[in-house]
Amino acid sequence: MKIEKINKLKKRLVKDGNMLRIYRFFRFIPDSIYLKLMFRLRMGYSLDLKHPRTFNQKLQYLKLHDRRPLYTQMVDKLAVNDYVRERCGNDLSLINVLGVYDDFDEIDFNSLPEKFVLKCTHNSGAVVICRNKADFNRDEAKSILGFAVKHNFYYAMREWPYKNVPPKIIAEEYIESDSGFLQDYKIFTFGGKAEMIYIRSCQDGVFYGDYFDKNGELLDFTADYPHSPVTPGMPENLDKMLRFAELLSEGTPELRVDFYEVRGRVYFGELTFYHDGGFAPFEPREWDEKLGNLIDIGR
């Protein structure tokens, strides 16, 4: 790992660690009260759980009222592979799992290839990429993954599906495109219908975020990241991604399905019930309500 990348990981670890300690301190507060406090602080307006209207309000509502046991499997980075196989068969590629571990010290690095990815099964964001074993900093990786595997991600944003996922570390095959940058495509589904595509891209070291309708037309709003100066193109296999997203989201009020495309092949990424934890700062804010209209909580 390069020095600047290590420093970024250190900062993220300290930040995530401090936040998780704060979340654990408040873990005995009921979910509804905790979410109302967090929502007001982060979104700048009140969380109405009786008559939710906006996209972010409805995601918080679903955290409390849509708790089907199947969701635990769907967010589990390991168990979800069986769910994908049941819904999509072999048409959708899965990234090969190289090893499963209860603790970082169990990892046999000699058995892993030169390039690989390590991540936790029970949370979002605890990912370490090794592109060259000679430069791989195991201490940094252990700091990130060793810490994450001991903490319940559910307490951070009260995302119920993560609460009962068995905490493990998995090693996966490293996949890359010809450009060297692995672009992911995030498909938003509402009531099992694919309606929106989100592409987070990196250009000259700066991150951008662009939202498109299902036909590939750019939508005039942002959240977290500005529009890219060079609008990214749609994937070659967009139709396949939309079809797979609908198969995987059938029966859910709202679900984001992530994919990769490598040399004409579509790979499954992950399933996310609560985009940005239900705290997406849409600009202009009217889009918060427009997207909220697509979520039928009556289902």
For the range 218-230, which positions are within 19 Å of ALA194 (Cα to Cα) and loosely packed, with under 11 Cβ neighbours inside 10 Å? ASP220
Answer with yes or no whether VAL165 is touching a helix residue (DSSP H, G or I) at 6+ places or on another chain (Cβ under 7 Å) and more than 30 Å from ASP66 (Cβ to Cβ). no
Pair list, Cβ < 9 Å and 6+ apart or interchain, from the range 134-156 residues that are free of Cβ contacts under 8 Å to residues at least 24 places away in the same chain to residues that are assigned to a helix (DSSP H, G or I) and crowded, with 19+ Cβ neighbours inside 10 Å: TYR154/TRP160; TYR154/PRO161; TYR154/TYR162
Out of LEU47, LEU59, which single residue is of a type in the set (A, V, I, L, M), closer than 25 Å to ALA223 by Cα, in contact (Cβ under 8 Å) with a residue 12 or more places away in the chain and touching a strand residue (DSSP E or B) at 6+ places or on another chain (Cβ under 8 Å)? LEU59
Looking at LEU62, LEU35, which one is within 21 Å of the chain's Cα centre (by Cα) and in the same structural domain as GLU289 (by TED's automatic domain parsing)? LEU62
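Residues checked against (1) more than 20 Å from the chain's Cα centre (by Cα); (2) of a type in the set (Val, Ile, Thr); (3) over 28 Å from HIS122 (Cβ atoms):
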{"residue": "GLN203", "(1), (2), (3)": "yes, no, yes"}
{"residue": "TYR225", "(1), (2), (3)": "no, no, no"}
{"residue": "VAL230", "(1), (2), (3)": "yes, yes, yes"}
{"residue": "ASN237", "(1), (2), (3)": "yes, no, yes"}
{"residue": "GLU246", "(1), (2), (3)": "no, no, no"}
{"residue": "ASP258", "(1), (2), (3)": "no, no, no"}
{"residue": "ARG265", "(1), (2), (3)": "yes, no, no"}
Conditions: (1) within 26 Å of ILE129 (Cβ to Cβ); (2) among the hydroxyl-bearing types (Ser, Thr, Tyr); (3) part of a loop (DSSP other than H, G, I, E, B). THR252 meets all but one. Number of the miss? (1)
Which condition breaks for ARG12 when tested against (1) in a helix (DSSP H, G or I); (2) at pLDDT 95 or above; (3) outside the structural domain of ARG265 (by TED's automatic domain parsing)? (2)
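The values are calculated or read from the model by the stated rules, or taken from the named source; none is laboratory data. Treat the numbers as computed from the prediction; the structure is a model and nothing was measured. All Cβ positions, even for glycine, are placed from backbone atoms using ideal geometry, and neighbour counts span all protein chains on display.
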